[in-house]
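Have a look at the structure below before the remarks.
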Amino acid sequence: MILITGAGGQLGRCFQKLAPDYPELKFLFATSSDLDITSRRAVNAFFKKNNITWVLNCAAYTAVDKAESEPARARAVNVTGAANLAHACAETGAGMVHFSTDYVYHNRQNTPFREDDATSPKGVYARTKLAGEKAVQRMLPGAMIVRTSWVYAREGANFVNTMVRLGNERPELRVVFDQIGTPTYAPDMAEAVLHLVQKVEKDELAQEKLEGIWHYSNEGVCSWYDFACAVMEIAGLNCRVLPIESREYPTPALRPPFSVLNKGKIKEAFGLTIPHWRESLKRSLQDDQD
Ligand SMILES: NC(=O)c1ccc[n+]([C@@H]2O[C@H](COP(=O)([O-])OP(=O)(O)OC[C@H]3O[C@@H](n4cnc5c(N)ncnc54)[C@H](OP(=O)(O)O)[C@@H]3O)[C@@H](O)[C@H]2O)c1
């Protein structure tokens, strides 16, 4: 049984939508009210009751700015919660895929980050996500940890949906152009991960091959400003987007100025083809099926 934690979130819901395409895999979807991952007792009881063979941990505290004023809560979910799941997997022999963030990289580098580049998280969210990765690796060295960036899906509170809403309401929008990264269409990442889990389940891939840290985002590079322009263009919205600097839009948590992820490792290891972010954005805005 594949347990999807945080099943009500953006990524969790993508796994729910994809599940019917993988009839040979059995899923158990747990929202935060079905399973609070911060409780080790609840996690252990959940594992005892259900025959969990994999956990795809989509549960996280993702409110980057709010985390600055709720560090204990962010830590409970992103560190303790991740550790609880990894511990239960270690006890029962289940596999684990854990998701993390490009925000673990926050320095002056301006070439795409590789998985073994030094991390330098700033802010509560970024620091708790890195600590969560480390806790998972300590408890379950065989876990697959996927660092991703700028995640969006058709449903959910995300940049694309915010741009579409504001683009319908306003003639003009100001968006930062000095933060560079790559969007990730959550269904693309969910599909890539399920493809790998299925290969392991079919004995076409050794589970040990998934071990370690991996990057996944769409292909290409852009600023939030470019991303917003593309949303307006593809959605056919008549809203002018103006580039501004981050200092003109101060937020409680600092964002890295450059956090492009190099995906060479995952592409080469598993022969994955990753769509360009504009192609995926088009699918997200135009295709009702995803
Ligand atoms: N969103 C991004 O731009 C982004 C960027 C880089 C990396 N990531 C990473 O990608 C992963 C998926 O993110 P996402 O965008 O899908 O996040 P999301 O939409 O915020 O979903 C997170 C889910 O976790 C659940 N959750 C929170 N606390 C929980 C708890 N104690 N026990 C169980 N579930 C809990 C939430 O449920 P409630 O809503 O009921 O609290 C929510 O459904 C996360 O690891 C995130 O750090 C995201």
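In the set Leu242, Leu254, Leu237, which member is among the hydrophobic types (A, V, I, L, M, F, W, C), loosely packed, with under 13 Cβ neighbours inside 10 Å and more than 17 Å from the chain's Cα centre (by Cα)? Give the steps one after another, and end with the answer.
Numbers: Leu254 fails: loosely packed, with under 13 Cβ neighbours inside 10 Å; Leu237 fails: loosely packed, with under 13 Cβ neighbours inside 10 Å.
Going through Leu242, Leu254, Leu237 in turn, just one is among the hydrophobic types (A, V, I, L, M, F, W, C), loosely packed, with under 13 Cβ neighbours inside 10 Å and more than 17 Å from the chain's Cα centre (by Cα): Leu242.
Inspect all residues belonging to the range 29-39 and state whether any of them is hydroxyl-bearing (Ser, Thr, Tyr), in contact with a Ser or Thr (Cβ under 6 Å, 6 or more places away or on another chain) and near the ligand (Cβ under 8 Å from one of its atoms). Outline the logic, then answer.
Filtering the range 29-39 for residues hydroxyl-bearing (Ser, Thr, Tyr) gives 31-33, 38-39.
Narrowing further to those that are in contact with a Ser or Thr (Cβ under 6 Å, 6 or more places away or on another chain): 38.
If we keep only those that are near the ligand (Cβ under 8 Å from one of its atoms) too, we end up with 38.
Scanning the range 29-39, I find at least one residue that is hydroxyl-bearing (Ser, Thr, Tyr), in contact with a Ser or Thr (Cβ under 6 Å, 6 or more places away or on another chain) and near the ligand (Cβ under 8 Å from one of its atoms), so the answer is yes.
Looking only at the range 76-113, how many residues end up being under 13 Å from Phe258 (Cβ atoms) and away from the ligand (no atom under 16 Å from the Cβ)?
Here the count works out to 5.
Quick one: how many residues across the range 147-190 are within 12 Å of the ligand (Cβ to nearest atom), farther than 14 Å from Ala230 by Cβ and crowded, with 20+ Cβ neighbours inside 10 Å?
Going through the range 147-190 one residue at a time, the tally reaches 10.
Among the candidates Leu237, Leu261, which residue alone is under 24 Å from Arg165 (Cβ atoms) and touching a residue at least 12 places away in the same chain (Cβ under 8 Å)?
Leu237
Are there any pairs, at least 6 apart or on different chains, whose C-beta atoms fall under 9 Å, with the first in the range 146-158 and closer than 17 Å to Tyr216 by Cβ and the second within 6 Å of the ligand (Cβ to nearest atom) and among the aliphatic types (A, V, I, L, M), and if so, which?
Thr148/Leu11; Val151/Leu11; Ala153/Leu11; Asn158/Val151
I'd like to know if the range 143-155 contains one or more residues that are over 29 Å from Leu281 (Cα atoms), modelled with pLDDT of 95 or more and over 16 Å from the mean Cα position of the chain (by Cα).
No, the conditions are met nowhere in the range 143-155.
Do we have any residue at all in the range 207-223 that's within 16 Å of the ligand (Cβ to nearest atom), surrounded by fewer than 16 Cβ atoms within 10 Å (Cβ to Cβ) and under 21 Å from Ala86 (Cα atoms)?
No.
Being at pLDDT below 95, in contact with a strand residue (DSSP E or B) (Cβ under 6 Å, 6 or more places away or on another chain), on the phi < 0 side of the Ramachandran plot and not charged (D, E, K, R) narrows it down to one residue among Asn110, Asn218; which is it?
Criteria check complete, one pass: Asn110.
Go over the candidates Val55, Val64, Val77 one by one and state the one that is closer than 18 Å to Ile2 by Cβ and among the β-branched types (Val, Ile, Thr). Let's see the steps before the verdict.
Numbers: Val64 fails: closer than 18 Å to Ile2 by Cβ; Val77 fails: closer than 18 Å to Ile2 by Cβ.
Testing whether each residue is closer than 18 Å to Ile2 by Cβ and among the β-branched types (Val, Ile, Thr) leaves just Val55.
Looking only at the range 197-232, count how many residues are of a type in the set (S, T, N, Q) and under 17 Å from the mean Cα position of the chain (by Cα).
2
The values are calculated or read from the model by the stated rules, or taken from the named source; none is laboratory data. Computed from a prediction, not measured in an experiment: that's the story for all the values here. Neighbour counts are summed over all protein chains in view; Cβ atoms, including those assigned to glycine, are modelled from backbone coordinates with ideal geometry.
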